[in-house]
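Some notes on the structure that comes next.
The values are calculated or read from the model by the stated rules, or taken from the named source; none is laboratory data. The model shown is predicted, which means the values in this text are computed figures rather than measured ones. As a convention, Cβ positions derive from the backbone with ideal geometry for all residues, glycine included, and neighbour counts pool all protein chains shown. Only protein heavy atoms, including side chains, enter the accessible area calculation; ligands, DNA and RNA are left aside. Shrake-Rupley method; radii C 1.70, N 1.55, O 1.52, S 1.80 Å.
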Amino acid sequence: EDPTPGTLNTQSDLTNTELSASDVLRAGPGSLWLGARWVRLERASVRSDGTEAVSFQQDFVTPWVGLGWQPWTGGFGYASWGRGVEIESVPNRPDQFVNYGAALPALESEQVELGFKQIWTGGHALTLALFTIDKPYGDDVPQADGRVLRVAGAKESRHRGLEARGRFVAGRSLRLEGRATWLDA
């Protein structure tokens with residue numbers, strides 16, 4: 001076969017700078033958890049021949065908050081909400097994408113979780129958590145040449161689920177653990 005590359009490659013760079021702060025306020029059996037994260041993303045992509053250069057900088061502040069309640073010793077219930085940053089690039093497939101290899105603008109996601117944890121004497125434990133995550137993602141717009149243009153945030157995915165985890169300590173050297181997740185994505 002001819003070893004000469006038939007398509008151009010894409011060189012990508014990502015610099016991620018973060019600063020976060022959080023605090024916990026406790027009052028009796030209740031607690032309030034607050035936090036925020038500042039994120040600066042510097043992204044760039046360019047074809048190996050120097051064409052199709054894309055470069056941009058984005059700043060995000062992603063807050064999160066949680067409420068906790070300890071109704072009895074070893075038990076802890078909580079509810080939390082937060083935002084995150086989602087990064088996406090177009091696959092480096094020139095036969096399928098007009099903007100192959102390009103860095104797309106980052107977007108924010110959101111997560112809500114409700115859960116309960118119980119730890120008993122002897123190390124036995126049970127954890128249950130319900131969650132939902134909403135994430136933006138790219139969609140493909142058909143073009144006249146049969147390829148597609150990937151557009152950031154044109155669609156949104158929702159992931160909902162239930163996680164369960166348990167631990168049973170049968171003796172000093174025997175511990176049984178199990179985990180299960182139901183996910184609707």
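Applying the condition of being surrounded by 13 or more Cβ atoms within 10 Å (Cβ to Cβ), over 21 Å from the mean Cα position of the chain (by Cα) and of a type in the set (D, E, K, R) to the stretch 112-164 and asking which residue is farthest from P94 (Cα to Cα) yields K117.
Inside the stretch 107-160, can you point out the residues that are in contact (Cβ under 8 Å) with a residue 12 or more places away in the chain, small (G, A, S) and part of a loop (DSSP other than H, G, I, E, B)? Passing the criteria: G122, G123.
Condition check for G28 on (1) free of Cβ contacts under 8 Å to residues at least 40 places away in the same chain; (2) touching a strand residue (DSSP E or B) at 6+ places or on another chain (Cβ under 9 Å): one failure, at (2).
Of everything in the stretch 106-120 that is touching a Leu at 6+ places or on another chain (Cβ under 9 Å) and of a type outside the set (V, I, T), the residue that is nearest to A152 (Cα to Cα) is A106.
Here S80 meets the list (1) part of a strand (DSSP E or B); (2) in contact (Cβ under 8 Å) with a residue 40 or more places away in the chain; (3) polar (S, T, N, Q); (4) over 30 Å from S31 (Cα atoms) almost entirely, failing just condition (4). Are any of the residues in the stretch 40-52 polar (S, T, N, Q) and under 30 Å from Q118 (Cβ atoms)? No, there is no match, as no residue in the stretch 40-52 is polar (S, T, N, Q) and under 30 Å from Q118 (Cβ atoms).
There is at least one residue in the stretch 89-100 that is in a strand (DSSP E or B) and within 19 Å of L149 (Cα to Cα).
Return the residue satisfying two criteria in turn: it lies in the stretch 49-86 and is among the charged types (D, E, K, R) and closer than 30 Å to V98 by Cα, and of such residues it is most open to solvent (accessible area, probe 1.4 Å). Write out each step before concluding.
Step one: of the stretch 49-86, the residues among the charged types (D, E, K, R) are 49, 52, 59, 83, 86.
Checking which are closer than 30 Å to V98 by Cα leaves us with 49, 52, 59, 86.
Numbers: D49: 84, E52: 119, D59: 80, E86: 49 Å².
Of everything passing the filter in the stretch 49-86, E52 is most open to solvent (accessible area, probe 1.4 Å).
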